[in-house]
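K.L.:
Submitted below is the structure of interest, expressed as structure tokens.
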Amino acid sequence: LPNGRHTVKAVAVDKAGNSQFQMSEVKIANPNQSPVLVPPAPQTIKEGAILTLTVSAYDPDGARDPLILRMTEGPPWVRLDPKAKELKASPDYSVVSTNEPRKDIQVTLEVCDPEPICQSRSFTFTVQNVNQPPVLNTLENVKVYEGEPVMIPIQAADPDGDPLVYTTEGLPPWV
């Protein structure tokens with residue numbers, strides 16, 4: 001029933017069919033209800049990727065209450081745009097490692113109306129490790145004189161700590 005005053009008729013009837021009724025006035029006041037936050041389903045994302053999700057939040061009282069949406073728990077690589085109701089996740093390569101190929105990250109969102117009556121919900125991002133390529137330091141150009149030995153230092157590192165194997169291509173046959 002909508003807010004306001006309503007007349008209610010109560011009737012009592014016995015098995016002989018005799019009845020009696022009373023009229024009563026009922027005042028209905030709809031109190032402010034908690035806003036509703038529907039968190040995204042659990043998500044899996046790889047290191048270095050970007051994931052954008054829409055966050056669903058609404059007020060069961062209708063549009064009368066402006067909602068305030070915020071993130072109360074989460075890593076710095078998860079950002080919430082409360083006006084667009086968009087959540088962006090962009091985990092860098094330091095979130096997980098080869099020793100820990102996946103990691104669950106909890107994010108908690110909260111929606112409030114002006115009362116404030118709030119509702120919080122949590123969900124999980126699973127971040128998967130990505131094997132990164134090795135990084136080869138820049139090689140310098142070398143001038144070689146006939147009959148003299150040449151040495152070209154090669155340095156490389158693997159961000160994941162994987163062992164490296166060095167090979168060369170395109171060298172003249174005398175090298």
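K.L.:
With a 1.4 Å probe and all protein chains in place, put 151, 71 in order of accessible area, largest first. Mind showing how you got there, number by number?
P.N.:
Values: 151 170, 71 60 Å².
Accessible-area ranking of 151, 71, largest first: 151, 71.
K.L.:
Find how much the distance from residue 146 to residue 9 grows on full extension, using 0.36 nm per residue of separation minus their present alpha carbon separation; answer in nm with one decimal. Let's see the in-between values first.
P.N.:
Details: separation 137, 0.36 × 137 = 49.32 nm, distance 11.40 nm.
37.9 nm is the gain from fully extending residue 146 to residue 9.
K.L.:
Using the Karplus equation 6.51 cos²θ - 1.76 cosθ + 1.60 (θ = phi - 60°), what ³J(HN,Hα) coupling, rounded to whole Hz, does each residue of the range 159-172 give in order, writing x for Gly and Pro?
P.N.:
Each residue's phi maps through the Karplus curve to give x, 8, x, 5, x, 10, 10, 9, 9, 10, 9, x, 7, x Hz.
K.L.:
Kindly write out, for the range 102-111 in residue order, the coupling ³J(HN,Hα) from the Karplus curve 6.51 cos²θ - 1.76 cosθ + 1.60 (θ = phi - 60°), rounded to whole Hz, with x marking Gly and Pro.
P.N.:
Using θ = phi - 60°, the values come out as 8, 9, 8, 10, 8, 10, 10, 10, 9, 10 Hz.
K.L.:
Using alpha carbons only, what's the Rg to Rh ratio of the range 61-133 with Rh from Kirkwood? All intermediate terms of the calculation are to be shown ahead of the outcome.
P.N.:
On the way: Rg = 15.9 Å, Rh = 14.1 Å.
Looking at the range 61-133, the ratio lands at 1.12.
K.L.:
While we're here: So if each residue of separation counts as 0.36 nm, and I subtract the Cα-Cα distance between residue 108 and residue 26, what length gain in nm does that give?
P.N.:
Working: separation 82, 0.36 × 82 = 29.52 nm, distance 4.09 nm.
Residue separation times 0.36 nm, minus the Cα-Cα distance, leaves 25.4 nm.
K.L.:
Return a single number: how many Lys pairs in the chain, at a sequence separation of 8 or more or on separate chains, have alpha-carbon atoms below 21 angstrom apart. Intermediate results must be reported in sequence, preceding the final value.
P.N.:
Details: 9/27; 46/88; 46/103; 88/103.
Number of lysine pairs found: 4.
K.L.:
For 50, 68, 28, 154, give the ranking by accessible area with the largest first, probe 1.4 Å.
P.N.:
Working: 50 130, 68 100, 28 45, 154 70 Å².
Result of the area sort, largest leading: 50, 68, 154, 28.
K.L.:
Calculate, axis by axis, the spread of Cα positions in the range 122-175 along the three principal axes, and write the results as whole Å, longest axis first.
P.N.:
70, 18, 16
K.L.:
Another one. Note down the relative contact order for the range 86-175 as a percent, whole number, built from C-alpha pairs under 8 angstrom at least six residues apart.
P.N.:
Numbers: 87 pairs, mean separation 20.6, N = 90.
For the range 86-175, the relative contact order is 23 percent.
K.L.:
FRET efficiency for residue 166 and residue 50, Cβ-Cβ distance as r, R0 = 41 Å, nearest 0.05? Numbers along the way, then the final one.
P.N.:
On the way: r = 34 Å, r/R0 = 0.82.
After rounding to 0.05, the efficiency reads 0.75.
K.L.:
Amide H neighbours of residue 105 under 5 Å, counting only residues 5+ apart in sequence or on other chains, H built in-plane at 1.01 Å?
P.N.:
Hits under the 5 Å cutoff: 125, 126, 127.
K.L.:
State the label only: which of (1) 40; (2) 61; (3) 69 corresponds to percent of Cα pairs over 22 Å apart computed from the shown model?
P.N.:
The value matching this structure is (3).
K.L.:
For the range 1-80, what does the accessible surface come to per residue with a 1.4 Å probe? Please give it in Å².
P.N.:
For the range 1-80, the solvent-accessible area averages 71 Å² per residue.
K.L.:
Please list, in order along the range 124-135, the HN-Hα scalar couplings obtained from phi with the Karplus expression 6.51 cos²θ - 1.76 cosθ + 1.60 (θ = phi - 60°), rounded to whole Hz, x for Gly and Pro.
P.N.:
10, 9, 9, 9, 9, 5, 10, 6, 8, x, x, 10
K.L.:
Please list, by residue number, everything in the range 109-142 whose backbone N is under 19 Å from a paramagnetic label point 7 Å out along Cα→Cβ of residue 33.
P.N.:
Residues 111-121 qualify, since their backbone N sits under 19 Å from the label point.
K.L.:
Right, something else. With a 1.4 Å probe and every protein chain left in place, tell me how much accessible area residue 152 has, in Å² to the nearest 10.
P.N.:
80
K.L.:
Could you sort 72, 126 by their accessible area in this structure, using a 1.4 Å probe and putting the largest first? List each step's numbers first, then the result.
P.N.:
On the way: 72 70, 126 15 Å².
Largest accessible area first, the list is 72, 126.
K.L.:
Would you kindly find the accessible area of residue 100, with a 1.4 Å probe and non-protein molecules such as ligands, DNA and RNA excluded, rounding to the nearest 10 Å²?
P.N.:
Per-residue accessible area (residue 100): approximately 80 Å².
K.L.:
Right, another one. What does the accessible area of residue 145 come to, in Å² to the nearest 10, when a probe of 1.4 Å is used?
P.N.:
The accessible area of residue 145 comes to roughly 130 Å².
The values are calculated or read from the model by the stated rules, or taken from the named source; none is laboratory data. The structure presented is a predicted model; accordingly, all values stated were derived computationally and were not measured. Every residue, glycine among them, receives a Cβ derived from its backbone with ideal geometry; neighbour counts consider all protein chains shown. Calculation scope for accessible area: heavy atoms of the full protein, side chains included, ligands and nucleic acids excluded. Shrake-Rupley method; radii C 1.70, N 1.55, O 1.52, S 1.80 Å.
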